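Everything below concerns the one structure shown next.
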Amino acid sequence: MGLVLDKAPYILESFPGGSYVVTSMDWVINWSRKSSLWPLSFGLACCAIEWMADVGSRNDFDRFGVFPRPTPRQADLIFISGTLTKKMASRVRRLYEQMAEPRYVISMGSCSNTGGPFYDSYSVVKGVDKVLPVDVYIAGCPPRPEAVLLSILKLQEKIMTETISHKK
Amino acid sequence: MTKIFKYTWAILKGMGITLKYFFIKPVTVQYPKEKIKISPRWRGTLKQLKNEKGEEACDGCRICEKICPVNCISMEVYKDEKKNRRFTSSYTVNFGRCMFCGLCVEACPKKCLVHTTDFEFCTYERESLILTKDKILR
Amino acid sequence: MTDQEILAKIAEKFPAVVESKPAAGTLPAYSLTVEAPAASIAEVCAWLKSGGLKFDYLASLSGVDLKDKLQVVYHLYSLEMKHKLVLKVNLDRAVPELPSVSSVWQAANWHEREAYDMFGIKFTGHPYLERILTAEGFEGYPLLKDFIAKPDQYD
Amino acid sequence: MTETLKNTGFEEMTLNMGPQHPSTHGVLHLLLKMDGEVITEARPDIGYLHRGMEKLAEKRTWGANIALSDRWDYIASMSNNFAAVLGPEKLMNIAVPKRAEYIRIIMAELNRIASHLIFFGTYGIDIGAFTPFFYAFREREMILDLYESVCGARLTYNYFRIGGVSADLPEEFVPGVKAFIKYFRPKLKEYDTLLSTNPIFMDRTVGVGAISKEEAVDWALSGPNIRASGISFDIRKEDPYSVYSEFDFNIPTGKNGDCWDRYMVRMNEMSESARIIEQALEKLEPGDIMAKVAKVIRPPAGEIYTHVEAPKGELGVYCISDGSTMPYRYKVRGPSFVNLAILQKMLRGLKIADVVAVLGSIDIVLGEVDR
């Protein structure tokens, strides 16, 4: 987070009524964050096709301000859409590290939740949370495109509870 | 010069097709407000049925547990001597691992395990993907 | 060409290549299956392609672990003459080595790399015999029957 | 390296394309050695989606393997189901009921249309046209709705069973398919206006990445890729499985084997598939959908190589049974795996901008390449 957002709550909260300002700031910041979630256009396996169906005409997740970006530098949301293999794990970690903060991860489908159908395979990571911190899990193999839209709504709810305040 | 004309014409023709769709009904479904009709055969989360007496119909034959390709169903069975049949004391399905293949439902001899059309299953924690008997028996 | 004619033609040129009989208690083979010695597989394949039989299409090349030995199975097809052949090569489990056929059919290139990756079968004369599918630093050959996966930080 | 480049002291550059790249169709890693803009050497690095399917197949029952087969080529799962059931059926000598056979063919051909639609959409994006994507996905959703009404899944169907299919068609399916085909035919013409005959698109694809007949056979290409080079090789005609021999359809072929030919073969195949579906719908009669098969499937010991014409090409399964409930060996010959291998040869000498055009035109699915 930027220097202003880091320091402002400290200074503001020391004034009387400052926490009110912080809460209002929270709302504005969270609202702008949740309304322009830009995911990385990145797919791993089967779920990526359902994810593409979300970009497509029927579901069209542009309605939520979700607009796929081709590079991690411009993205703040990554869908792990499919089986994460051990060969790919370090690459996904690197993509995640290249993304600007605040960044969110949605784990899509059984494979990335726990390994799914490949739970006893020698080359599959058993759940993407071994590599990345996950915000929302979607069950399904693959989940319907509507479920992906729901996960974005859930993530937006979660973002609205965030605060820049240092008082917990 | 003819080339420029050719290219422009091709683009205009494509634009014409796109413009046509401006006047027809949009295909986009406004998801949270309206939902498309999902087929009753949709393989969503699992549900256990009750029998006519209101108790669970499952008699703990363990076939679904055995046939599951990913071992996501686990159950514990006890025998009720009074009613002379078996009951499950716990029935857990790990939907984080389930591949929704429908083999368990197909194999169920009492036809008491069915799919629901529920697909909206998102959680914040991985543990919440595991459903216990109180959620499955409905 | 019928199976018998193909077999006669092969036997005329390479007496060491014999028809493979399925083991006792197993179903008969669905298409003509022959067995060839490992050392001369490259010459046999080169002749099968350019000789009168014209097997120009390598449909599949698979390794098989038969517990006491390893096997490489070639599924050949002739686009021109429309006949098929299954070619089997038995290998010693301790030293699984045989000549590469990637100079005969280019398609064998990746198939052989896959067989090397999965079974550890070494194809001598292959232009670039490296692991193809498994992760960097992977140990062992996963499709061998005695392979045991070692859990790591991702399990 | 050219002489001029050597004298300036500059060296060849190695360029990594992927695993995350917007147009590598998944997690493909391409190592390119560049001399300026020209590729001198290309090496595809695969395995980023290697899930160990063949090993897992040895731990799953024959029935469960059909569910696993959905995940090979996840765009055309019905064809995978088809390949997965043919082997055990032949080993056990099961006669599949006629109705089930026709249902299978309707499903497989609908899936071919769906798969080629994805190709059409993503190839447009690769070349720089975004609109076809939306149109292709709109039509594809209709096919998926039909599938959903039959087997309850949109992508991983798990519909075929050893000896038949898992569920009979619902009432609304046959009229639905008829309506879809009626709706779809004119759309193909629309696609031609949008993309196929667009001079900008043709400039990018005609004459790019040509594969000669000899090369295509030597690298054992299959499906639309070999047909674009002028070889009429189609498993449905060469080695008819199921009841394909009863149908009347053409095999579209190309002439030069360049990107545009590969694209056009697929576009023409869609209308041929629609023809097959129409014929199959006419032949569809009420009847059984499952043969009499034991609950626990134990094919007798033996081995067989069966193949089907998947949308990407020849999908072969070499299965060995030892008489138990699980396969002893289950080798999958994925068409994408074989088709991708030629990339190292094709890319040599091309410009970097053509890489995406060539890669897109081969139409690979990484799930099948790496398995």
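Taking a probe of 1.4 Å, how large is the accessible area per residue of chain D, in Å²? Numbers along the way, then the final one.
Values: 11280 Å² over 371 residues.
I get 30 Å² per residue for chain D.
Relative contact order, percent, of chain D when contacts are C-alpha pairs under 8 Å separated by at least 6 residues?
Working: 711 pairs, mean separation 96.7, N = 371.
Normalised by residue count, the contact order of chain D is 26 percent.
Across chain A, how many lysine pairs, 8 or more apart or on two chains, come within less than 27 Å at their alpha-carbon atoms?
Going through chain A pair by pair, I get 21.
Based on alpha-carbon centroids, what's the gap between the range C:93-110 and the range D:234-260 in Å, whole number please?
30 Å
Show me the helices of chain D, taken as full DSSP H stretches, that run 27 Å or more along their long axis by Cα and average -1.0 or above in Kyte-Doolittle hydropathy. If you can, show how the numbers build up before the last one.
Numbers: long enough: D:98-127 (43 Å, 0.42); D:131-151 (30 Å, 0.10); D:259-283 (36 Å, -0.68).
Span-like helices here: D:98-127, D:131-151, D:259-283.
Ranked by accessible surface with a 1.4 Å probe, highest first, in what order do A:Thr163, A:Thr114 come?
My answer, sorted largest first, is A:Thr163, A:Thr114.
With +1 on the Cβ of every Lys and Arg and -1 on the Cβ of every Asp and Glu, and nothing else charged, how large is the dipole of chain A about its Cα centre, in debye rounded to the nearest 20? List each step's numbers first, then the result.
Details: 20 positive and 16 negative charges, 87 e Å.
Charge dipole of chain A: 420 debye, to the nearest 20.
Mind running the shape call on the range D:182-231? Use the C-alpha gyration tensor, a ≥ b ≥ c as the square roots of the eigenvalues: rounded below 1.5 for a/c, prolate if a/b tops b/c, oblate otherwise.
On the way: a/c = 4.64, a/b = 1.67, b/c = 2.77.
Taking the square roots of the gyration eigenvalues as a ≥ b ≥ c, the range D:182-231 is oblate.
How large is the helix-only mean residue ellipticity at 222 nm for the protein assembly as shown, computed as the sum of -39500 (n - 2.57) over DSSP H runs with n ≥ 4, divided by its residue count, in deg cm²/dmol to the nearest 500? Could you put the intermediate results ahead of the total?
Working: 29 runs with 320 residues, N = 832.
Theoretical 222 nm ellipticity from helices: -11500 deg cm²/dmol.
Treating the angle as unsigned and between 0 and 90°, give the value, to the nearest 10°, between the Cα long axis of helix C:3-13 and the longest Cα principal axis of chain C.
Helix C:3-13 and the main axis of chain C meet at about 80 degrees.
Near the amide H of C:Val18, under 5 Å away, which other amide H atoms are found, from residues 5 or more places off or on another chain, if H is placed in the peptide plane?
HN-HN under 5 Å from C:Val18: C:Glu35.
Report relative contact order for the range B:1-91 in percent, whole number only (criteria: Cα-Cα under 8 Å, sequence separation at least 6).
Details: 57 pairs, mean separation 13.5, N = 91.
With pairs under 8 Å counted, the relative contact order is 15 percent.
Looking at the square roots a ≥ b ≥ c of the eigenvalues of the Cα gyration tensor of the range D:250-290, which shape do they give, rounded for a/c under 1.5, prolate if a/b is larger than b/c, or oblate?
Numbers: a/c = 4.64, a/b = 3.63, b/c = 1.28.
Cα axes put the range D:250-290 in the prolate bin.
The range D:115-152: which residues show an accessible-area loss of 40 Å² or more, assembly versus chain alone, 1.4 Å probe?
With the partner chains in place, the range D:115-152 has these residues losing at least 40 Å²: D:Phe133, D:Phe134, D:Tyr135, D:Phe137, D:Arg138, D:Glu141, D:Glu148, D:Gly152.
Once D and C are treated as a pair rather than alone, how much accessible area drops out, both sides summed, in Å² to 100, probe 1.4 Å? Walk me through the numbers on the way to the answer.
Numbers: alone 15470 and 9210 Å², together 21080 Å².
Using a 1.4 Å probe on protein heavy atoms, the buried area is about 3600 Å².
For the range D:272-347, run through the trypsin sites (Lys or Arg not before Pro) and keep only the ones in DSSP coil with at most 10 other Cβ atoms within 10 Å of their Cβ.
Working: sites: D:Arg275, D:Lys283, D:Lys292, D:Lys295, D:Lys312, D:Arg329, D:Lys331, D:Arg333, D:Lys345; in loops: D:Lys292, D:Lys295, D:Lys312.
In loop regions of the range D:272-347 (DSSP not H, G, I, E or B), the sparsely surrounded trypsin sites (Lys or Arg not before Pro) are D:Lys292, D:Lys295.
Using a 1.4 Å probe and counting only protein heavy atoms, arrange B:Arg85, A:Arg93 so the residue with the most accessible area comes first. Walk me through the intermediate numbers first.
Numbers: B:Arg85 50, A:Arg93 80 Å².
Result of the area sort, largest leading: A:Arg93, B:Arg85.
Give, in whole angstrom and from largest to smallest, the semi-axes √(5λ) of the equivalent ellipsoid of the protein assembly as shown, with λ running over the eigenvalues of the Cα gyration tensor. Walk me through the numbers before you get to the answer.
Details: eigenvalues 353, 250, 164 Å².
Square roots of five times the eigenvalues give 42, 35, 29 Å.
Counting protein heavy atoms only and a 1.4 angstrom probe, how many square angstrom of accessible surface do chains D and A bury in total, to the nearest 100? Each step should come with its number before you reach the end.
Numbers: alone 15470 and 9360 Å², together 21830 Å².
For D against A, buried area totals roughly 3000 Å².
If the reach is capped at under 27 angstrom between alpha carbons, list the lysines near B:Lys25, excluding any in the same chain fewer than eight residues apart.
B:Lys13, B:Lys33, B:Lys35, B:Lys37, D:Lys178, D:Lys182, D:Lys187, D:Lys189
Give the Rg/Rh ratio for the range D:126-211, taking Rg as the radius of gyration of the Cα atoms and Rh as the Kirkwood radius, to two decimals. If you can, show how the numbers build up before the last one.
On the way: Rg = 17.6 Å, Rh = 15.6 Å.
My calculation puts Rg/Rh at 1.12.
If you wrap the range B:46-137's Cα atoms in a convex hull and average its projection over all directions, what's the area in nm²? Spell out each step's value before the answer.
Details: hull surface 24.5 nm².
Value for the range B:46-137: 6.1 nm².
Considering only DSSP beta bridges where both residues belong to chain B, give the percentage that are antiparallel (nearest 5). Could the numbers behind the result be given before it?
Working: 14 of 15 bridges.
Just about 95 percent of them are antiparallel.
Can you give the convex hull volume per residue for the Cα atoms of the range C:3-98, as a whole number of Å³? Don't skip to the end; give the middle numbers.
Details: hull volume 9.5 nm³, N = 96.
Dividing the Cα hull volume of the range C:3-98 by its residues yields 99 Å³.
May I ask you to evaluate 6.51 cos²θ - 1.76 cosθ + 1.60, the Karplus curve with θ = phi - 60°, for each residue of the range A:131-146 and list the ³J(HN,Hα) values in order in whole Hz, giving x for glycine and proline?
Values per residue, Gly and Pro as x: 10, 10, x, 9, 8, 10, 9, 10, 8, x, 8, x, x, 5, x, 5 Hz.
For chain B, find the longest principal axis of its Cα atoms and tell me its angle to the long axis of helix B:2-20, 0 to 90°, nearest 10.
With rounding to tens, the tilt is 40 degrees.
Among bridges DSSP assigns within the range C:3-98, what percent are antiparallel (round to 5)? Before the final figure, lay out the partial values.
Details: 19 of 23 bridges.
Close to 85 percent.
Considering only C-alpha atoms, what is the centroid distance from the range D:82-145 to the range B:77-138, in Å?
Cα centroid of the range D:82-145 versus Cα centroid of the range B:77-138: 32 Å apart.
Based on alpha-carbon positions alone, could you give the equivalent ellipsoid semi-axes of the range D:129-285 from the gyration tensor, as √(5λ), descending, whole Å?
Details: eigenvalues 180, 93, 39 Å².
Semi-axes, largest first: 30, 22, 14 Å.
To check you understand DSSP bridge types, tell me what percent of the beta bridges within the protein assembly as shown (both residues inside) are antiparallel, rounded to 5. Numbers along the way, then the final one.
Numbers: 67 of 85 bridges.
In the protein assembly as shown, DSSP labels about 80 percent of beta bridges as antiparallel.
What is the angle, in °, between the Cα long axis of helix A:3-14 and the longest principal axis of the Cα atoms in chain A? Nearest 10 is fine, range 0 to 90.
On a 0 to 90 degree scale, this one is about 40.
Using only the Cα atoms of chain A, what do you get for the radius of gyration and for Dmax, in Å?
Here Rg and the maximum Cα pair distance are 17.6, 59 Å.
The values are calculated or read from the model by the stated rules, or taken from the named source; none is laboratory data. The structure presented is a predicted model; accordingly, all values stated were derived computationally and were not measured. Note that each Cβ is placed from the backbone with ideal geometry, even for glycine, and that neighbours are counted across all protein chains shown. Protein only, heavy atoms only, side chains kept; ligands, DNA and RNA dropped before computing areas. Shrake-Rupley method; radii C 1.70, N 1.55, O 1.52, S 1.80 Å.
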